[in-house]
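Working notes, structure below.
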Amino acid sequence: MNHQPSLLLSSNHNSPQSFKIGSLLSTPAPSQEQLMSVKALVDTAIAGDFIAVFSKSYCPYCKKAKSVLKDLNLPEGKEVKVYELDERDDGADIQNYLAEKTGQRTVPNIFIQGKHVGGSDDLAKAKSSGTLTKLIQV
Ligand SMILES: N[C@@H](CCC(=O)N[C@@H](CS)C(=O)NCC(=O)O)C(=O)O
């Protein structure tokens, strides 16, 4: 009988098949342990940071939101913590977990005292409605 291998790795590296397989091999799915540490990191940030911003350094919406938050008169000792997802190896996993947790895939993804505020547009609305002032009260 002629046994054919179930997965053929093409030696032609220009073929779509070999490219696809190569890409899959070079980006393995995160392990259970990595996923747990991402969840722990995000959940700890949301629960522990006065303001947590999941951001990307080049994102104009993130820049605007960070500027709004920087100009706030925060209570003594309270800070804005920024996580730049594009500068971290686990950035994509963090973004996936945030999407699962909040239903929001875009950045910035902002939390104030554990409450999900949303993105830059949501922050701007919260600022103009006066909600933002209430959210930062201790
Ligand atoms: N309306 C949203 C727009 C945010 C947005 O489009 N962000 C882009 C980056 S600038 C994004 O998250 N794109 C998808 C991605 O980076 O994965 C807001 O105000 O925050």
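Nothing in this text is a laboratory measurement; each read-out follows from the coordinates by a stated rule. Note that the coordinates shown come from a computational prediction; the quantities given were computed from them, not determined experimentally. Using ideal geometry, Cβ is built from the backbone for each residue, glycine included, and neighbour counts are taken over all protein chains shown.
At-a-glance table
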{"quantity": "Packing-based ranking, highest mean first, of 36-47, 106-117 given that Cβ atoms within 10 Å are counted", "calculated": "106-117, 36-47"}
{"quantity": "J(HN,Hα) series, region 88-104, from Karplus relation 6.51 cos²θ - 1.76 cosθ + 1.60, nearest Hz, glycine and proline x", "calculated": "10, 5, 9, x, 5, 5, 5, 4, 4, 5, 4, 4, 5, 7, 10, x, 10"}
{"quantity": "Ranked list, fewest to most other Cβ atoms within 10 Å of each Cβ, for Val138, Val53", "calculated": "Val138, Val53"}
{"quantity": "Estimated inter-spin distance, Thr44 and Asp121, nm [label 7 Å along Cα→Cβ]", "calculated": "3.4 nm"}
